[in-house]
Amino acid sequence: MTGSAGHLGEALVRTLQDANVDVVGLDIVESPFTTHQGSIVDRSMVRRCLDGVTTVFHSATLHKPHVATHDPQEFVDTNVSGTLNLLRESVASGVESFIFTSTTSVFGDAMLPPDGAPAIWVTEEISPVPKNIYGITKLAAENLCQLFHRKYGLPIVILRTSRFFPEEDDNKGMRDAYPADNLKANEYLYRRVDIEDATTAHVMAAQRAPDIGFGVYIISATTPFRREEMRELRTDAPAVVRRRVPQFEAEYKRQGWRMLPKIDRVYVNERARKDLNWAPRYDFQHVIERLAAGKDFRSPLAQLVGSKGYHEEEFLDGPYPVA
């Protein structure tokens, strides 16, 4: 497990250990879930960690919040060269399943509809157009994965995960306009996934990888929307949500929350549910039901992992600087 001290890394290590799986955790940060402290950029460290390993979960990465604080070369070193090290050593050690945690950020500008156009129905068929060094290096790592499957037969599943971080939004306008939980609840309609569902997707991908061979999947909460509603969603999102989840209006009124006036994209998880036999549990309907019961809408695993942040230092204008 690379990135074992991170949000997803910790969640996966906890889940696998609970299933009595022996886990090797690699991270640059010391943690209760890290057995080897070091970097994936260090190929000899990677080689040592892979001794006897049958499955690789590769979530270690520089993230979007690091774009303003890290040099582009650091993104290339970690996200591209580090992935290359893992792929090379996985082939050499006979790894049976390689699961790469990618991101819906690779779609980039492909998710921005022009004025007057419907919201984007985002499936795996859409060609990525990365808009920053984070997206570019994650897409490059995806291409390396495809190369290693084609050349060496390494079974690889790429999971393009949507948002699961608990930190505040990086957009100051959105932070000022919506309470943090209100904004996250809204996102379950179109671009958020609970970390427990993200974790089960990774576990299912590891089980299915040898049969799939190579696959790329969007991992996001199941949207209640339909493709034919994309035009209306762009102009009157509350009307569409009322139609699909009518209970939301009374609960949002009770909470003092607001729905987004319009939504510009919707991540579609249909292929992952079908091919991986993945059954995500945490969607917008679940959020409304939990709120109505006076309970936290996050999964127990999400509550356990909590918030980690992305930087050691603090910033005056938000959880992290924006490039």
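No value in this document is a laboratory result; all are computed from the given coordinates. Because the structure is predicted, anything quoted here is derived from the model rather than measured. Cβ: placed from backbone, ideal geometry, glycine included. Neighbour counts: every protein chain shown.
If only the Cβ of Lys and Arg carry +1 and only the Cβ of Asp and Glu carry -1, the dipole of the chain around its Cα centre is close to 960 debye. Separation of the stretch 205-235 and the stretch 49-112, taken as the distance between their Cα centroids, equals 21 angstrom.
Helical runs (DSSP H, four residues minimum) scored at -39500 (n - 2.57) apiece and divided by the length of the chain put the mean residue ellipticity at 222 nm at -11500 deg cm²/dmol. The modelled label-to-label distance between Glu249 and Glu167, using points 7 Å beyond Cα along the C-beta direction, is 3.8 nm. Decide, for the stretch 192-246, between rounded, prolate and oblate: order the square roots of the alpha carbon gyration tensor eigenvalues as a ≥ b ≥ c, take rounded if a/c falls under 1.5, and otherwise choose prolate if a/b is larger than b/c, else oblate. Taking the square roots of the gyration eigenvalues as a ≥ b ≥ c, the stretch 192-246 is prolate.
Taking a point 7 Å out from the Cα of Asp22 in the direction of its Cβ, the residues of the stretch 32-63 whose backbone N falls within less than 13 Å of it are 50-55. Each part reduced to its alpha carbon centroid, the stretch 239-290 and the stretch 17-32 end up 33 Å apart.
Normalising the average separation of contacting C-alpha pairs (under 8 angstrom, six or more residues apart) by the number of residues puts the relative contact order of the chain at 19 percent. Annotation: amide H of Phe214 within the under-5 Å range of Ile156, sequence separation 5 or more or interchain, hydrogens built in the peptide plane. The stretch between Thr35 and Gln207 holds 59.6 nm of extra length on full extension. This uses 0.36 nm per residue minus the Cα-Cα distance. Here's the list of lysines a cross-link from Lys151 could span, going by alpha-carbon distance under 25 Å and ignoring same-chain residues fewer than 8 apart: Lys138. Maximal additional length on extending the Asp109-Gln73 stretch stands at 10.7 nm, based on 0.36 nm per residue less the C-alpha distance.
Here the Karplus relation 6.51 cos²θ - 1.76 cosθ + 1.60, evaluated at θ = phi - 60°, turns the backbone of the stretch 50-64 into coupling constants of 8, 4, x, 7, 9, 10, 10, 9, 10, 10, 5, 6, 8, 9, 3 Hz, with x for every Gly and Pro.
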